[in-house]
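Scroll down for the structure; my scribbles are underneath it.
Just so you know, all these numbers are worked out from the coordinates, no wet-lab data involved. Bear in mind that the values here come from a model prediction, so they are computed numbers and not experimental data. Neighbour counts are summed over all protein chains in view; Cβ atoms, including those assigned to glycine, are modelled from backbone coordinates with ideal geometry.
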Amino acid sequence: MIIQIPFYKGQEYGYQYKHVTTKLKYLSMENDNSIDVIFLGDSEGKASFDPVTLFHNQGISSYNLCTNFQWSLDTLALTKKMY
């Protein structure tokens with residue numbers, strides 16, 4: 001049995017803080033109340049959800065905050081900064 005535990009403690013911006021802070025930087029450039037849906041998750045969500053296609057097909061504005069290897073603490077950090 002192999003158990004993988006990160007060798008560093010979670011930070012304010014989660015484990016993958018470089019990915020998280022980059023996403024938050026771009027999100028902060030959006031106008032308030034201009035996004036209907038936010039996608040959170042790992043690389044599967046990053047590859048699956050396309051905000052441009054969703055807008056063109058359904059008229060729903062969205063933002064993809066999925067990052068590679070997104071951990072729960074990353075998702076929590078993103079959620080806290082959004083609201």
Exercise for the section: Mind running the shape call on the stretch 34-83? Use the C-alpha gyration tensor, a ≥ b ≥ c as the square roots of the eigenvalues: rounded below 1.5 for a/c, prolate if a/b tops b/c, oblate otherwise. Expected result: oblate
Fill in the blank from the handout: Between the modelled labels at K25 and L76 (7 Å from Cα along Cα→Cβ) the distance in nm is 2.5 nm
Handout entry: Table column - 3J(HN,Hα) (Hz), the stretch 75-82, Karplus curve with 6.51, -1.76, 1.60, x for Gly and Pro
Key = 4, 4, 4, 5, 5, 4, 6, 6
Problem - From phi via Karplus (6.51, -1.76, 1.60), per-residue ³J(HN,Hα) for the stretch 18-23 in Hz, x at Gly/Pro - result: 5, 5, 5, 5, 5, 4
Practice task
Order the peptides 52-62, 28-38, 72-82 from the highest to the lowest mean number of other Cβ atoms within 10 Å of their residues.
Solution key: 72-82, 52-62, 28-38
